[in-house]
Amino acid sequence: MSLPKVTILGAGQVGATTAHLLVLKGLADVVLIDVVEGLAAGKALDLLQAAAIEELAVSVTGTTDMGAMAGSRLVVITAGLARKPGMSRDDLLAANANIVGPLADQIARVAPEAVVIVVTNPLDVMTQLVLQRTGFPRQRVMGMAGMLDTGRLRAFISQRLTVSPSEVQAVVLGSHGDLMVCLTDAIRVQGAPLSQRLSSQEIDQLVARARDGGAEIVSLLKTSSAYYAPASGVVHMISAVLGGTRRVLSACVLLEGEYGLRDVCIGVPVEVGTEGIARVVEQPLSPQAREALHRAADQVRAQVKQLLTLKPR
Ligand code: A3D
């Protein structure tokens, strides 16, 4: 029985790690595509051999040929530059738009039925760019960031309280980066509010560490940014689409009036099904959280506008 086909554009750290996880979970036949001659082909061969050792019958191929994504159920975009120390995600704006825009055109042409998951930074702007350039319905374009931000927060809380991450529930919204919005009052540990276990000062510190979690890793790695946790986030989203689980998770999507926002891609809780985004879940927001979400949306709008002033490729 053949597995659904998932294509990953960009066979770098995040792309290859995503492919490895997909193979180990036996979730999909994987196609890796990268512009660097031999990179995707070499990694695909290595992954195919890993699958054989794991006794998993999956197909893994690697190529520079964009035509290989034809028939994909999902396409993941990880192609682009990653942050180096001292760089913000926004420093990547123009360079990555010139990579992601043409890739979106190719997806629309070669894999017009695919659900697209965007990972390239700056995430919210790239998600909106892909949506515009593919012309896909909003259900089929989502950005992965909320899974990562939530994962970071759950990791720090579970480490601090010595509980399993599965017993920590948290919701983040907003932009991936400085304008991440965490609904601190909604964090639950073993079903009870986190405020019963930690002071508000300590909670704020953990939230700040999660928000700055990418920069902390970049400053340690120096030559690359995080990839294990981002890849886990992507694979959970893929699994929710392929399984049609209707799982609620945080993703960057186009809002059409939800949370009082329209025509902007931003992170919110969504229900994920076989079609992609089945529904945007509207959480009650405090006036402060609502204001922070709108501020994040304003920044995404400003960057999308800035992109329009750049020469498109
Ligand atoms: P890296 O290891 O450099 O891989 C990027 C790959 O993209 C390289 O192998 C390039 O050769 C390839 N590439 C460049 N242009 C093209 C093209 N036109 N077609 C196909 N492949 C191409 O980076 P990475 O994997 O660490 O990160 C990839 C992107 O994801 C960066 O923009 C990161 O900032 C971003 N990222 C986002 C998150 C989020 O949570 C949103 C997390 C981690 C990384």
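The values are calculated or read from the model by the stated rules, or taken from the named source; none is laboratory data. It should be emphasised that the depicted structure is a prediction, and the values quoted were computed from it without experimental measurement. No Cβ is skipped: glycine too gets one built from the backbone with ideal geometry, and neighbour counts run over all protein chains shown.
Among the listed residues THR64, THR17, which satisfies the condition of being within 11 Å of the ligand (Cβ to nearest atom), in the same structural domain as GLN139 (by TED's automatic domain parsing) and touching a residue at least 40 places away in the same chain (Cβ under 8 Å)?
THR17 is the lone residue from the list that is within 11 Å of the ligand (Cβ to nearest atom), in the same structural domain as GLN139 (by TED's automatic domain parsing) and touching a residue at least 40 places away in the same chain (Cβ under 8 Å).
Consider ASP105 carefully, then state whether it is closer than 23 Å to THR127 by Cβ, surrounded by fewer than 17 Cβ atoms within 10 Å (Cβ to Cβ) and at pLDDT 95 or above.
Yes; evaluated as a whole, the condition is true for this residue.
Where in segment 111-212 are the helices (runs of 4 or more DSSP H), entirely inside, with at least 1 residues that are within 21 Å of PRO230 (Cα to Cα) and basic (Lys, Arg)?
In segment 111-212, 146-161, 200-211 are the helices (runs of 4 or more DSSP H) which contain 1 or more residues that are within 21 Å of PRO230 (Cα to Cα) and basic (Lys, Arg).
Looking for something free of Cβ contacts under 8 Å to residues at least 40 places away in the same chain and either within 11 Å of the ligand (Cβ to nearest atom) or closer than 22 Å to PRO102 by Cβ (or both) - is there at least one such residue anywhere in segment 43-56?
The answer is yes; a qualifying residue exists.
Could you list, in sequence order, all residues of segment 256-306 that are farther than 29 Å from VAL241 by Cα and surrounded by fewer than 18 Cβ atoms within 10 Å (Cβ to Cβ)?
Matches in segment 256-306: SER286, PRO287, GLN288, GLU291, ARG295, ASP298, ALA302, LYS305, GLN306.
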